[in-house]
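To start, the structure itself, in structure tokens.
The values are calculated or read from the model by the stated rules, or taken from the named source; none is laboratory data. Please read these numbers as outputs of a predicted model, since none were measured by experiment. Cβ placement follows ideal geometry from the backbone for every residue including glycine, while neighbour counts extend to all protein chains displayed. Side chains are part of the model used for accessible areas, which takes the heavy atoms of the whole protein and leaves out ligands, DNA and RNA. Shrake-Rupley method; radii C 1.70, N 1.55, O 1.52, S 1.80 Å.
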Amino acid sequence: NLNRENMRKFLGLLFIALSFQGLSAQRFVYVDMEYMFSQIPEVQRAQEELDVKAMEWRTTIQNMMFSVDSAYKAFQAEQVLMTERMKADKIQEIEDMERSIKVYQQEKFGPDGALFAEKDSLLRPIQDKIYDEIQRYAEEKGYDFVLDRSATTMVLFGSDRYNKSDDILKRLGYTVSK
């Protein structure tokens, strides 16, 4: 029984050792997509365009909120002169205005909103170009994995010699500024 237990431990350790040996034969490098985006002028222009649209939409929302606030203040000032039916209608009108603000906010800034869709349409072609180049680069250089240091992948440390962001940017025709 003791020999079986020792044999299991030995086989477990052997399996772990062989697993790590297989990992060491694989080649890993990383890129930093945030850094790469910061080096691409098209991304900066797209972000500026998105910022302008977002500011326009925020201004519209502020104007809508101002209208609600004005309507509410007018209601408070005039309610003493209103019948119950008129009060109920005015309250309903103000509530409808508030709902329309929420709908507009969702349409523009929600997860499926216009800002997200616009960002996707502006950045997707650039991302696709980068991802295609990363794949070509990895295949040419024989890398098994390319990790994104800026993403949620847990790269706790990466030596700069394994950072291939500048190589990818240069292959895409961008000037790298360090």
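Observations
- Proximal charge balance of I61 [Cβ under 15 Å; K/R count +1, D/E count -1]: +1
- Within-13-Å neighbourhood charge of D112 [Cβ basis; K, R +1; D, E -1]: -1
- Net charge, D51 excluded, C-beta distance under 14 Å - Lys, Arg +1, Asp, Glu -1: +1
- Efficiency of FRET between E49 and M86 - r from beta-carbon atoms, R0 41 angstrom, step 0.05: 0.35
- What segment 64-148 shows is 70 Å² of accessible area per residue, with the surface traced by a 1.4 Å probe over protein heavy atoms.
- Spin-label zone in segment 92-132 - amide nitrogen under 15 Å from a point set 7 Å from the Cα of T60 along the C-beta vector: 100-110, 113-119
- Potential extension, K129-V176 segment - 0.36 nm per residue separation minus Cα distance: 15.2 nm
- Listed pairs K108/K129; K53/K141; K73/K108; K108/K164; K119/K141 exceeding 30 Å between Cα atoms: K53/K141; K108/K164; K119/K141
- Contact order normalised by residue count of segment 38-178, Cα under 8 Å, 6+ apart, percent: 29
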